[in-house]
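Report on the structure given below.
The values are calculated or read from the model by the stated rules, or taken from the named source; none is laboratory data. Computed from a predicted structure; not experimentally measured. Note that each Cβ is placed from the backbone with ideal geometry, even for glycine, and that neighbours are counted across all protein chains shown. Surface areas here come from the heavy atoms of the whole protein model, side chains and all, with no ligands, DNA or RNA. Shrake-Rupley method; radii C 1.70, N 1.55, O 1.52, S 1.80 Å.
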Amino acid sequence: MDSNEKRLILFIIISVVILFGSAYLFPAKTPRQDKIVQQTPVPPARDSKNVLSLPSPASDPIIAAVSSDEKEVLVETSLYKAILTNRGGGIKQWELKSYFESDRTTSVKLLQSGISLLPLSIEVGEGRDLFLNGIYSVEGKNLHLSGDQKEGTITFSLRDSVTGKAIQKKLTFHKDTYTVDVEIRTENISNYAFLLGSNFGIHQWGDKSFVGFIGPTSLVNNKVIKENTAKLNQDVLYDGKVGWTALQDKYFLSALIPGDETDRGLVKKVKEGEYTAGNQVALKEPAASLRKYTLFAGPKKLSVLESLNVYLEETIDFGWFIAGSWAIVRMIAKPLFLFLNFFYAFTHNYGIAIILLTVSIKILFIPLTHKSYKSMKGMQTVQPLLAEIQKKFKNDKVRLNREIMELYKTHKINPLGGCLPMVLQIPVFVALFNVFYTTIELRQAPFFLWITDLSDYDHKYVLPVIMGITMFIQQKIQPTNMDPKQAKIMLILPVIFTFFFLNFSSGLVLYWILNNILSVSQQVITARYFSGQKAKALTA
């Protein structure tokens, strides 16, 4: 557990303490992640003497159909720029045009240079070096998909003249989507692995964030399976219905979606620090085969992933809490995120959307917070009587408890009234924490002035200081039954919270500030209401 995790856990514990109310501290669609994996080495390919010729690729005026030299093909759309290579017939570069590094000018690259295994590589057991690193012939030319040109195709083909084994990869790119249609034709091959390549889709493998999973993820039999790469020492095969296999970090991913449910999912370690995922294919009729796949490589944007209708949105972990994923948190977080996007659609500013969402949540909790305040006020009123009972029956626990309960009953006080409504707000806070930390929509989203990234901390520390001040004011006006010394000790908590919030996302701090301000306003209004009720009672 790193220092960030420890700080978060301590922060949540203190949050629970505050939300439960200081007056009671002193007496005066995610599915379960069940693994169904088989730790089995990838079986070797079996040879076959049956041969069926693949269609011969036509010569191309830009790239020769047959060549002994490495050639590159450029594919460019409004969303990304990709470079393909005929050495191995894979992807050499994948650059997203709409997402940038922290300098706001360098485009995010989902494929790092110097990797050992290119995306869309095929391993064939015997002769694997030929099909992994051999020079494929190319059919097609550079693609610039825009305007009326909505799609284009690049085809790689390679035949082993010694064994008769042959592979053809047909890649169809589209103008307005991060998906690529892939057709794999094989001859004389009974077994092969179609792979995503080393760390493809993982933008920041060494991300120190403690929220969100980084590594291989698969959907098998409608269950999400995440592989711990630290324990991945041999190939892992998944039996069952494989929806997809993917490599992901907090904000980006690549995924391979098979068209044939008989394919097995595969996760493997390429070498230290490099991991891949894909599909293992075993063919009953190896003479000639056709397999279809969909490749996705892009942002983990909820609307984009949902549009694929294969549950890739499950890679967005809305349910994270301390050390796992919780269904109740996810059930709250996802609707909150949808409401946030609803407000953003009108305001076009996530900062303003957060303000509107906070106000909406506060309005929803008005009856509960009013009940909490009323209960604490009642506890404060009967505190002298409670102290007297505790002193009188301190040696008789049974009688003491009975008298205390009678006191609460007489004054119509629910001792848990100030506690339970607060508990209901804890999952909301944790859910919003996930929204601000795991959704790419908030990544580099500006608010105003110096707040240029609501997912990042406030580098000027203005918001955390304001948050600490509002929390201090809230504590000062909150009813309490503590003695003055205890009350002074509790005033240290706003200072502690301020330090905790220094490194929290600006969006989360903004929410907490506004929540405090609204809570203070409600307490002031409620206090005046109770004062008016008391005055009426005295004059009656």
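For the reader, a short list of remarks on this structure follows.
- Selection over segment 393-408 of residues that are surrounded by 11 or more Cβ atoms within 10 Å (Cβ to Cβ) and more than 53 Å from the chain's Cα centre (by Cα) gives a count of 3.
- If you go through segment 243-279 and keep only what is open to solvent by less than 10 Å² (accessible area, probe 1.4 Å), closer than 20 Å to S113 by Cβ and among the β-branched types (V, I, T), you end up with just T276.
- Residue check for Q234: more than 20 Å from the chain's Cα centre (by Cα), over 24 Å from N309 (Cβ atoms) and assigned to a loop (DSSP other than H, G, I, E, B): yes
- Residues satisfying the stated conditions in segment 158-177, i.e. surrounded by 22 or more Cβ atoms within 10 Å (Cβ to Cβ) and hydroxyl-bearing (S, T, Y): none
- Cβ pairs under 9 Å, 6+ apart, first in segment 283-299 and within 29 Å of I202 (Cα to Cα), second among the polar types (S, T, N, Q) and open to solvent by 30 Å² or more (accessible area, probe 1.4 Å): F296/T177; G298/T177; P299/S98
- Selection from segment 179-197 of residues that are crowded, with 22+ Cβ neighbours inside 10 Å and under 21 Å from the mean Cα position of the chain (by Cα): L196
- Taking the criterion of being within 17 Å of V180 (Cβ to Cβ) and open to solvent by less than 70 Å² (accessible area, probe 1.4 Å), the residues of segment 140-157 that qualify are G140, N142, L143, L145, G152, T153, I154, T155, F156.
- Test for S209: is it small (G, A, S) and either crowded, with 18+ Cβ neighbours inside 10 Å or at pLDDT 90 or above (or both): no
- Single condition F337 does not satisfy, out of (1) part of a helix (DSSP H, G or I); (2) touching a strand residue (DSSP E or B) at 6+ places or on another chain (Cβ under 9 Å); (3) more than 30 Å from S116 (Cβ to Cβ): (2)
For every residue, the table says whether it meets (1) touching a Phe, Trp or Tyr at 6+ places or on another chain (Cβ under 9 Å); (2) of a type outside the set (S, T, N, Q); (3) at pLDDT 85 or above.
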residue: K334; (1), (2), (3): yes, yes, yes
residue: I354; (1), (2), (3): yes, yes, yes
residue: I366; (1), (2), (3): no, yes, no
residue: T369; (1), (2), (3): no, no, no
residue: Y373; (1), (2), (3): yes, yes, no
residue: M376; (1), (2), (3): yes, yes, no
residue: L385; (1), (2), (3): no, yes, no
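- Pairs are defined by a Cβ separation below 7 Å, a sequence spacing of at least 6 or placement on different chains, a first member in segment 214-229 that is within 11 Å of T315 (Cβ to Cβ) and in a strand (DSSP E or B), and a second member that is open to solvent by 40 Å² or more (accessible area, probe 1.4 Å) and not β-branched (V, I, T); the pairs so defined are L219/Y311; V224/Q33; K226/Q33; K226/F213.
- Of the residues K250, K269, K241, the single one that is of a type in the set (K, R) and either within 27 Å of Y80 (Cα to Cα) or in contact with a His (Cβ under 7 Å, 6 or more places away or on another chain) (or both) is K250.
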